[in-house]
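Have a look at the structure below before the remarks.
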Amino acid sequence: MSIMYPGLLLAFVSTFARVKDHYGRVFVLGRNAEVTMDVKHGGWKPVLPVVEDAILHLAEADALRREGNLEEAVCLLRAIEVMGTGPSKDATRRLENIDRSRAVKDLLAQCDPIVYFRKQTGRTTVQSDTAGLKVSFLGEFRIMKAKSVDSPTLTQKIIYLGHDAESILIAYDLWPRSVSVEDYRRIWDKRRGITSTSTLSDLNAGICWPGRIEAGGPTTAQCAIYEMVEGKQGIEYYETGRLKGIFLAFSGKDRARDALRELRITK
């Protein structure tokens, strides 16, 4: 399958031309303005999707599907879909047309959270359907997803973003209603090795621009700003709903105010 590349005028000296994406990966633009990619022989590697290259990523997803790499294709299509650009509708149609019997719903859950980069603003965006949140950070980051837990009783996601000596940890859980809020906080205190008074149970709540948080959904959202050990700055935002929260921790650079300004609760 190939796709059209609109708005590009080229004088062809052969039947095709080569187009490079943000990472220098090569795509082929045919005489009929169709874009294709050879993921099998073209040195393909997974990259952080770029908004300005959405039309190229669409061709990449088509190529991945042809080679049987459905998981990568589905995650890439979902990233294009949430970017909100022209190709987003094409990505939605492709996801709808994929055979549901091939566990596409489960694959989409494994893709969460979706991460992409926008060159125009220079920001990396992390968006989660599971936790119902969207947050962006200034800079182009590398990403690493930790092994997630997804069961009928608990959903847990952890992702690391890195740039030079800087790192950002994003983590969120969705717990069963049988867990009390107090237990929920104590579990996270234990995970972080916190035994002092600076615990989730003790920190002040409602001090991180609650008006912005409420605009996207929950009116009971709570949050806390704290200073990490060893002099590094950090932030924790939690409880966007009952037993549902998002944790952000920064090292190497204080991004607390910027992150909270860009944080949106989507459900």
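The values are calculated or read from the model by the stated rules, or taken from the named source; none is laboratory data. Computed from a predicted model, the values in this text were never measured in an experiment. Positions of Cβ are backbone-derived with ideal geometry, glycine not excepted, and every protein chain shown enters the neighbour counts. Accessible surface areas use protein heavy atoms only, side chains included; no ligands, DNA or RNA. Shrake-Rupley method; radii C 1.70, N 1.55, O 1.52, S 1.80 Å.
Name the residues in the stretch 245-260 that are touching a helix residue (DSSP H, G or I) at 6+ places or on another chain (Cβ under 9 Å) and at pLDDT below 75, would you?
Once the filter is applied, which keeps residues that are touching a helix residue (DSSP H, G or I) at 6+ places or on another chain (Cβ under 9 Å) and at pLDDT below 75, the stretch 245-260 yields GLY245, LEU260.
Please count how many residues of the stretch 64-96 are surrounded by 21 or more Cβ atoms within 10 Å (Cβ to Cβ) and under 16 Å from PHE27 (Cβ atoms).
5
Test GLY86 against the criterion of being part of a loop (DSSP other than H, G, I, E, B), without any contact (Cβ under 8 Å) to a residue 12 or more places away in the chain and small (Gly, Ala, Ser), and give yes or no.
Criteria not met by GLY86.
Is there a residue being under 20 Å from the mean Cα position of the chain (by Cα), open to solvent by less than 70 Å² (accessible area, probe 1.4 Å) and modelled with pLDDT of 90 or more anywhere in the stretch 25-44?
Within the stretch 25-44, none of the residues are under 20 Å from the mean Cα position of the chain (by Cα), open to solvent by less than 70 Å² (accessible area, probe 1.4 Å) and modelled with pLDDT of 90 or more.
Residue under question is LEU108, and the condition is that it be modelled with pLDDT under 90, open to solvent by 20 Å² or more (accessible area, probe 1.4 Å) and of a type outside the set (Lys, Arg); does it hold?
Yes; evaluated as a whole, the condition is true for this residue.
So, of the residues in the stretch 137-166 that are open to solvent by 10 Å² or more (accessible area, probe 1.4 Å) and touching a helix residue (DSSP H, G or I) at 6+ places or on another chain (Cβ under 7 Å), which turns out to be nearest to LYS45 (Cα to Cα)?
LEU138
In a helix (DSSP H, G or I), in contact with a Leu (Cβ under 8 Å, 6 or more places away or on another chain) and aliphatic (A, V, I, L, M): does that describe LEU56?
No, not satisfied.
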